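In what follows, a structure is listed as structure tokens, so that the remarks can point back to it.
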Amino acid sequence: MEWKVETLNEVVDAEIAALPKDMQARFLRIAGMIESAGLEGMGHPHVKPLEGKLWEMRLMGRDGIARALYVTVTGRRVVVVRVFVKKTQKTPRQEIELALARAKEILK
């Protein structure tokens, strides 16, 4: 069974669409790598554990850095729950809290 990368809802789709074009391309590239090679073959610098079941895709572009926060779900599914452009070195606590709140919808 192959991995599938999907977004939680239209809000997350809009967050991806709001990224600069090079970061959108990077997101699609990493998502494609996950779908073809599986999460088992992924690691730093592309993905990194964040907190509990929450992981991050690390997106870099000419205009800075962004993160796509995701959880894995039964059936080899990666569900992206939050996408944002980072302004600081450390991922802001409010972004982690928002992602965890959104993830509760699917992790029940």
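Taken together, the values in this text are just the output of simple stated rules run on the coordinates, not laboratory data. A quick note: this is a predicted structure, and the numbers were derived from the prediction, not measured. Cβ: placed from backbone, ideal geometry, glycine included. Neighbour counts: every protein chain shown.
Please list the non-local residues whose amide H lies under 5 Å from the amide H of LEU50, H modeled 1.01 Å from N, same-chain partners needing a gap of 5 or more.
TRP55, GLU56
In nm, to one decimal, how far is the modelled label at VAL73 from the one at LYS90, with both set 7 Å along Cα→Cβ?
Here the modelled spin labels are 3.1 nm apart.
Step through the residues of the range 66-81 one at a time and calculate ³J(HN,Hα) from phi using the Karplus curve (6.51 cos²θ - 1.76 cosθ + 1.60, θ = phi - 60°), rounding each to whole Hz and writing x for Gly and Pro.
Couplings: 9, 10, 10, 8, 9, 10, 9, 10, 3, x, 6, 10, 10, 10, 7, 10 Hz.
Quick one: net charge around VAL11, please, counting Lys, Arg +1 and Asp, Glu -1 for every other residue with C-beta under 12 Å from its C-beta.
On the way: positive: ARG82, ARG102; negative: GLU10, ASP13, GLU15, GLU105.
The answer is -2.
Find how many whole Å separate the alpha carbon centroid of the range 94-108 from the alpha carbon centroid of the range 11-30.
Centre-to-centre (Cα) distance: 19 Å.
Could you tell me which of the pairs LYS4/LYS90; LYS4/LYS108; LYS21/LYS108; LYS21/LYS48 are separated by over 25 angstrom between their Cα atoms in the structure shown?
Numbers: LYS4/LYS90 28 Å; LYS4/LYS108 19 Å; LYS21/LYS108 34 Å; LYS21/LYS48 23 Å.
Violating the 25 Å Cα-Cα cut-off are LYS4/LYS90; LYS21/LYS108.
Rounded, prolate or oblate for the chain? Axes are the square roots of the Cα gyration tensor eigenvalues, ordered a ≥ b ≥ c, and the cut-off for rounded is a/c under 1.5. Let's see the in-between values first.
Numbers: a/c = 1.44, a/b = 1.13, b/c = 1.28.
Taking the square roots of the gyration eigenvalues as a ≥ b ≥ c, the chain is rounded.
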